[in-house]
Structure formats: C-alpha cells, structure tokens
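Peer 1: So that we are looking at the same thing, I have put the structure below in structure tokens.
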Amino acid sequence: MSDDALFWAILDQLAAGEIVIDRPRGSQHPRMAGMIYPLDYGYLAGTTAGDGDGIDVWIGSLPGHAVTGIACTADAHKRDAEIKLLLGCTAEEMAAVQRFLNSHGLGCMVLSRPTR
C-alpha cells in the first residue's frame, strides 16, 4: 500500500466511529453572528484532535459518509492548525466549506481524496 493510500485508509478507520452533529446545516455559530454553517458540522466521538476536542467533520449529501477530502485550517489568532474530515461531500460542498472557513478568519485549503 502506498503512503497516500495508507493515509486515506487510516482516515477511513477514524471516520467509522460515531458522528456527533452539534452545528446543523443552516445554524448560526454560537459566538459569531452571521456565521451560518453550509453543511452539518460536528465531530467524531471518542477521538482527539490537536485542540483536545474530537476530530471535526463536515457532512455532505453523498450516502455512506465516506472520507471524500480534508480541510486543512490555519488560525493566526489562536495560533493553531487543524485537519477537519469531509465526509460524503461533493466537489461543490467541499468548495462551500473552503469558502466558509476562508471567510471567517481562518486560512483553509481543501484536499480532495484521489478517485479510487
């Protein structure tokens, strides 16, 4: 297995757990007025990201919640960087997540999973 394939396979294992949606599509951010989530947003229960919370996930419209990409974020104000999993997202949904994150003080780059 190539290093790239191994990376995506490990993400698949992580994403197989329970998903908790704490910010549904269309909801407003609890501390930032006007910040409306374009997709369901939450985390993977029983996981730990760099910030100490569960690994963040964005849920798209494709069935099965397969890992379709990652959003890499950088926040100069908080002085942190994170990877968020994109599960079941179309190309348009991944672009919406990138626009959303880049428009709210973060730098974001989305990497799509190579087709199998």
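The values are calculated or read from the model by the stated rules, or taken from the named source; none is laboratory data. Because the structure is a prediction, the values reported are computed rather than measured. All Cβ positions, glycine included, derive from the backbone under ideal geometry; neighbour counts span all protein chains shown.
Peer 1: Which of the residues belonging to segment 1-54 are in contact (Cβ under 8 Å) with a residue 60 or more places away in the chain, exposed (fewer than 11 other Cβ atoms within 10 Å of the Cβ) and not in a loop (DSSP other than H, G, I, E, B)?
Peer 2: Matches in segment 1-54: D4 only.
Peer 1: Further question on the same structure: M32 fails exactly one of the following numbered conditions: (1) under 15 Å from the mean Cα position of the chain (by Cα); (2) at pLDDT below 95. What is the number of that condition?
Peer 2: Exception for M32: condition (1).
Peer 1: Quick check on my filter: what residues within segment 69-102 are under 10 Å from the mean Cα position of the chain (by Cα) and among the polar types (S, T, N, Q)?
Peer 2: T73, Q98
Peer 1: How many residues are acidic (D, E) and closer than 14 Å to L86 by Cα when one looks only at segment 1-39? First the steps, then the outcome.
Peer 2: At the first step, the residues of segment 1-39 found to be acidic (D, E) are 3-4, 12, 18, 22.
The next check asks that each one be closer than 14 Å to L86 by Cα; those that pass are 12.
Selection size over segment 1-39: 1.
Peer 1: Take the residues of segment 58-116 that are in a strand (DSSP E or B) and charged (D, E, K, R): which is surrounded by the fewest Cβ atoms within 10 Å (Cβ to Cβ)? I'd like the intermediate steps shown before the answer.
Peer 2: Taking segment 58-116 and keeping what is in a strand (DSSP E or B), we get 58-59, 67-75, 80-87, 107-112.
Now narrow it down to the ones that are charged (D, E, K, R): 75, 80, 82, 84.
Numbers: D75: 16, D80: 13, E82: 19, K84: 21.
Among those that are in a strand (DSSP E or B) and charged (D, E, K, R), it is D80.
Peer 1: Could I ask something else about it? Only one of (1) among the polar types (S, T, N, Q); (2) out of contact with any Cys (no Cβ under 7 Å at 6 or more places or on another chain); (3) at pLDDT 95 or above is not met by T68, so which one is it?
Peer 2: (2)
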